[in-house]
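Since every read-out is calculated from the coordinates, none of them should be taken as a lab result. Given the structure is predicted, the values throughout are model-derived calculations rather than measurements. Reconstructed Cβ throughout: ideal geometry from the backbone, glycine too, with neighbour counts over all protein chains shown.
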Amino acid sequence: MLLEVNHLQTEFQLKHGTVKAVNDISFSIEKGEILAIVGESGSGKSVTSLSVMGLVQNPGKVVGGEILFKGEDLLKKSKAEMQAIRGDQISMIFQEPMTSLNPVYRIKDQIMESIMTHMKLSKKEAWERAVHMLEVVGIPSPRERAMDYPHQMSGGMRQRVMIAMALSCRPELLIADEPTTALDVTIQAQILDLLYHMREKFNMAVLLITHDLGVVSEAADRVIVMYCGQIVEEADVRSLFANPMHPYTLGLLKSIPRLEDESDGPLYMIKGMVPNPLKMPAGCPFSDRCDRCMERCRREAPALKEIDGHKVRCFLYDSETEEAQV
Ligand SMILES: Nc1ncnc2c1ncn2[C@@H]1O[C@H](COP(=O)(O)OP(=O)(O)O)[C@@H](O)[C@H]1O
Ligand code: SF4
Ligand SMILES: [Mg+2]
C-alpha cells in the first residue's frame, strides 16, 4: 500500500470552540490508483490533503491518527524530512495555478528551479527536462512557451504547467485539490484526461479532490464521499454510480448537470446548508438535510459499515433500524 491513513483527526482550535475539520477518517491508496474525495465546500477535503502533506497551518493541528506513506508515519517526520518528501515523492497541485506560480518569473525558471531542487541535474539537463515535461503535459511549442510569464498563458495552460512541475520529479503520489474547478468544461475534461494518462505513464497514484461528483466518474478508480469531516460512503467508481447508498451521495448525484437533460428547469440542490461546525446537529450530521431522516437519526450518529466492499454511514442500512425497509 502506498498511502494508508488511519483514524486521522485534524482540528482547529478557535475562540468559540473546536472545529473537527477531519474527524477520524481512514483510507488507503495503492500504487498507481486514482482515489477521489468528493464533498461540498467545507467538508474537510483540503484539510485532509494538507494533513497528508504536513501543511496544516495554525490554529489547525493534526491531533490523532497516523499517515503511513510506504509504511512510514509522516506525522513522525521532522519539518526538514517532510520538506524533502514534498515535491519529490509526494506532489500537490491546487485549484488556481496563478496563486502557486510566481508572476514575476518565466515558466522555464520556475519549472527548472523545482527540478533542480529535487534532482541533481545541471542547468542544461534541467532545461531539457523542463521542456520534456511541458511537452508531456501537452503544451505546444514547449521551448517557446517556456519563455512565457504565467499571465501570458490561459488558465488551462497554467494548470498544465503546474502539473508539469508537480510531475517533473516523478512523485509516487500526486495530490490534486480541485485541479479543474477554475476551468471551463472542455478544458476540465482535457486536464482530467491528462491526469489519467500521467497516471498510466508514470504509474503514479493520484488523490483527486473535488466538490463535483461529475468529475470523478471519468477519472477515478475509487471514490470517498466526505461530509462534515467524516467519510459517509466509499466504493469503487462503478458501484458508487450504479448503486449509490448514502442519501447525501444521492443528492450529489442528482445535482450533476446532465447534457441529455432537456428541461431548462433549475438544477436539483440538496436542501439546507452544511451545518456550522461549531453547531453540529445531535445524531447524524446529515439529519437536518436528509429526505430519509428517521427518529433514530436525531438521537444517534451512525457508524461507517461495510456491505459487500461498499462502505456507508447511514442507519438505512443498519439491521437494528426498525423503521427502515431496505
Ligand atoms: N484556517 C482555518 N481556520 C479555521 N477553520 C478552518 C480553517 N481551514 C479549514 N477550517 C475548517 O475546516 C473545515 C473544512 O475545511 P476544508 O478542508 O477547507 O473544506 P473543503 O476543502 O472540503 O472545502 C471548514 O469548514 C472549516 O470549518
Ligand atoms: S442516518 Fe438517517 S439522517 Fe443520516 S443519512 Fe441516513 S437516513 Fe439520513
Ligand atoms: Mg478545499
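See the values below:
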item: Whole-angstrom gap from the range 276-312 to the range 1-59, using each part's C-alpha centre; result: 19
item: C-alpha center-to-center spacing [the range 68-82, the range 224-256] in angstrom; result: 30
item: Separation of the residue 236 and residue 320 label points, Cα + 7 Å toward Cβ, nm; result: 3.1
item: Folded to 0 to 90 degrees: helix 123-136 orientation relative to the chain principal axis, Cα; result: 50
item: Three principal axis lengths of the range 105-188 [C-alpha, angstrom, descending]; result: 39, 29, 20
item: Of 170, 158, 296, the one that fluctuates the most in a GNM where the chain has Cα springs shorter than 10 Å; result: 296
item: Expected 222 nm ellipticity per residue - DSSP helices of 4 or more, -39500 (n - 2.57), all of the chain, to 500; result: -9000 deg cm²/dmol
item: Taking all pairs of distinct alpha-carbon atoms in the chain, Kirkwood radius in angstrom; result: 21.0
item: Gaussian network model of the chain, springs between alpha carbon atoms under 10 Å - residue of 107, 256, 37 with greatest fluctuation; result: 256
item: Equivalent-ellipsoid semi-axes of the range 78-139, from the Cα gyration tensor, Å, largest first; result: 19, 17, 11
item: On Cα atoms only, tilt of 155-167 relative to the major axis of the chain in degrees; result: 80
item: Cα-based helix-to-principal-axis angle, 107-118 vs the chain, degrees rounded to 10; result: 80
item: The range 111-163 and the range 186-201: distance between their alpha carbon centers, rounded to Å; result: 17
